[in-house]
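Values in this text are rule-based calculations from the coordinates and carry no lab data. Quick caveat: nothing in here was measured; it's all calculated off a predicted structure. Counting neighbours? That spans all protein chains shown, and the Cβs are built from the backbone with ideal geometry, glycine included.
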């Protein structure tokens, strides 16, 4: 199954809606397809300048190494030299923190990733999960 533009747009809209309902800071949300290309990116009014790059980095890091942001954060803490090297190889695109969530289909295949930024990383992740689950796909945060 591939990730459609319609599904990607719905994921972003639900993530933003969740953030607004919970009173989070202005969010930026991106959905990347399995090849790492942007399907949809939306930046709320008053979101700070680097938020699109951070959102992309969260999603791209998860997609690039095949782990949700929580697992990337654990690995960065345990193996900083490896994560620094991986980030260098990725052209600095990796942001290994919660808020980067893999999108899996019902068979477990990775079909894309979501990156959310703007509030606390745990809150960003909550919004990403809400978006992914709203379209019937499976969110993989890298959590235990």
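Take the Cβ-Cβ distance between residue 82 and residue 13 as r, set R0 to 41 Å, and report the resulting FRET efficiency rounded to the nearest 0.05.
The computed FRET efficiency comes out at 0.70.
Over the chain, what relative contact order in percent results from Cα pairs under 8 Å that are six or more residues apart?
31
I need 13, 33, 88 ordered by Cβ neighbour count within 10 Å, fewest first.
88, 13, 33
I need 53, 133, 21 ordered by Cβ neighbour count within 10 Å, fewest first.
Listed from fewest to most nearby Cβ atoms, that is 21, 133, 53.
How many angstrom separate the Cα center of region 17-34 from the Cα center of region 79-100?
Rounded to whole Å, the Cα centres lie 22 Å apart.
Using the Cα atoms of the chain to build a convex hull, what is its mean projected area in square nanometres?
Approximately 7.8 nm², given one-decimal rounding.
So if R0 is 30 Å, what FRET efficiency would residue 22 and residue 106 give, r being the distance between their Cβ atoms, rounded to the nearest 0.05?
Once the sixth-power term is evaluated, E becomes 0.65.
In nm, what is the difference between 0.36 nm times the number of residues separating residue 120 and residue 37 and their Cα-Cα distance?
Gain on stretching residue 120 to residue 37: 27.4 nm.
Would you list 102, 16, 120 from fewest to most Cβ contacts within 10 Å?
120, 16, 102
Show me, bin by bin at 5 Å from 0, the whole-percent P(r) of region 87-144 based on Cα pairs.
4, 20, 26, 23, 16, 8, 2
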